[in-house]
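Rule-based calculations on the coordinates, nothing more; no lab input. No experiment lies behind these values; they were computed from the predicted model shown. Heads up, the Cβs are rebuilt from the backbone with ideal geometry, glycines too, and the neighbour counts pull from every protein chain shown.
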Amino acid sequence: MARRQENLRDADRRVRGVHALRAFQKAKGLEVNLVSLSHANYGGNAGIWRILEVLQRNKVRATVDVNGLAVQKWPDAVKALHDAGNEIAATAPPTTST
């Protein structure tokens, strides 16, 4: 539980920092939109831990849809969801076309 709270605090700091820097605007000269990437990573780094805490506090379980990439990227979060009694509905990671 302490690790989850630490993850939440770290993610909150990162998100506040991003919003302070004109969120949703691509920085000049960058090919990659770092703000967009930051928002995409929020779910696995902080959002899911908040959802898990709400589920546990209210003594309810959920079916959580995760894709294979999320399982590879955030295995601790997926394991924590499962260990708490939630159902995991999974899909495979995207395949590359040839």
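Summary of values
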quantity: Backbone N under 19 Å from the Thr91 label point (7 Å along Cα→Cβ), restricted to the range 38-59; calculated: 40-44, 48
quantity: Residue order, fewest to most surrounding Cβ atoms within 10 angstrom, among Thr63, Thr91; calculated: Thr63, Thr91
